[in-house]
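Worksheet for the structure shown next.
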Amino acid sequence: MANKTVLIIDDEEASRGLIRQYLAGHTGMDVLGECENGLEAVAAINARHPDLVFLDVQMPGLNGFQVLQEIAHVPLVIFTTAFDRFAIKAFELNAVDYLLKPYTRQRFDQSVERIKQRTDQHDLYNLAASAPLPQGAYPGRIFVETPGRLKSLDVQQILYLNAEKEYTRIYTAGGSFLSSQGIGTLEKRLDPQRFIRVHRSFIVNIYQIKEVYRDISKTFVVLNGNIEIAVGRNYLDPLKKLIY
């Protein structure tokens with residue numbers, strides 16, 4: 001098994017030191033560095049692409065769950081926290097393990113063994129992608145925030161996305177969810193073979209388009225559920241490419 005790269009993310013120096021100490025007893029674990037808040041964690045994960053992160057839940061800036069919403073690179077995750085009430089939420093995110101502080105070396109070693117038994121074909125979010133697309137792999141599932149938890153959402157269920165200032169609202173037939181990401185950021189993360197920008201404020205799911213029509217000088221797409229969205233003049237070309 002190839003060595004796994006590791007980031008240690010915790011706002012308490014003593015907690016980070018303990019993880020580093022315990023990891024020293026394991027071969028094949030290369031520590032890339034440490035982060036002491038959620039904002040640092042997002043930047044480090046996206047820049048350094050660790051295989052594994054030890055992630056605290058309650059931290060300044062962003063909590064552990066918010067970190068997972070912000071990252072583009074998705075590592076394996078072992079949560080470390082003093083609060084057992086977050087355990088269910090952690091395992092809903094397919095965390096490898098949940099270490100409740102204070103934990104023993106034996107309990108820590110059990111977590112590391114779970115990592116060693118995992119293959120490189122892992123995915124924190126249980127993404128449903130089969131073969132990578134030419135542009136790269138795109139998630140088949142995303143997580144959206146609801147009160148008190150994160151909800152797993154099949155991207156095929158998305159009807160459209162609508163920019164709301166610096167945020168984006170994601171619409172499905174069953175309801176809508178507000179993302180803290182801007183629509184431009186989300187556009188880069190979504191499969192361009194499925195999602196196209198039809199307006200500076202709207203991205204639509206191609207597979208949810210029922211019809212397209214022109215009314216005097218404007219073009220509209222009609223989505224399932226009879227939702228009409230006007231197509232911006234500068235965004236007509238991607239739509240025209242779908243016409244045969």
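Every number in this text was worked out from the coordinates using simple rules, so none of it is lab data. No experiment lies behind these values; they were computed from the predicted model shown. So basically every Cβ, Gly included, is an ideal-geometry build from the backbone, and we count neighbours across all protein chains shown.
Given a cut-off of 23 Å, name the pairs among K165/K210; K4/K188; K151/K188 whose C-alpha atoms lie farther apart than that in the structure shown.
Numbers: K165/K210 28 Å; K4/K188 27 Å; K151/K188 21 Å.
Too far apart for the 23 Å limit: K165/K210; K4/K188.
What distance in nm lies between label points placed 7 Å from Cα along the C-beta direction at A47 and L236?
Distance between the two pseudo-spin positions: 4.4 nm.
Build a GNM of the chain with springs between Cα atoms under 10 Å: which of F86, F195, F220 gets the top mean-square fluctuation?
F220
Along the Cα-to-C-beta direction of D215, a point sits 7 Å from the Cα; which residues of the range 156-194 have their amide N less than 19 Å from that point?
Backbone N within reach: 160.
Please give the FRET efficiency for K188 paired with R114, using the beta carbon to beta carbon distance and R0 = 25 Å, rounded to the nearest 0.05.
It comes to 0.20.
Could you work out the relative contact order of the chain? I mean the mean sequence separation of Cα pairs under 8 Å and 6+ apart, divided by the number of residues, in percent.
Values: 408 pairs, mean separation 24.3, N = 244.
Relative contact order of the chain: 10 percent.
What does the helix-only formula give at 222 nm for the chain: each DSSP H stretch with n ≥ 4 adding -39500 (n - 2.57), the total divided by the residues, and the result rounded to the nearest 500 deg cm²/dmol? Walk me through the intermediate numbers first.
Details: 7 runs with 60 residues, N = 244.
Estimated from H runs of four or more residues: -7000 deg cm²/dmol.
Using Cα pairs closer than 8 Å and at least 6 residues apart in sequence, work out the relative contact order for the range 160-244, in percent. Provide the component values of the computation, followed by the final result.
On the way: 128 pairs, mean separation 17.9, N = 85.
So the answer I get is 21 percent.
Gain in length, N224 to A87, computed as 0.36 nm per residue apart minus the alpha-carbon separation, to one decimal in nm? Provide the component values of the computation, followed by the final result.
Details: separation 137, 0.36 × 137 = 49.32 nm, distance 3.73 nm.
Between N224 and A87, full extension yields an extra 45.6 nm.
When the chain is fully extended, how far beyond the present Cα-Cα distance does Q21 get from Q157, taking 0.36 nm per residue of separation?
Working: separation 136, 0.36 × 136 = 48.96 nm, distance 4.48 nm.
Stretched fully, the Q21-Q157 segment lengthens by 44.5 nm.
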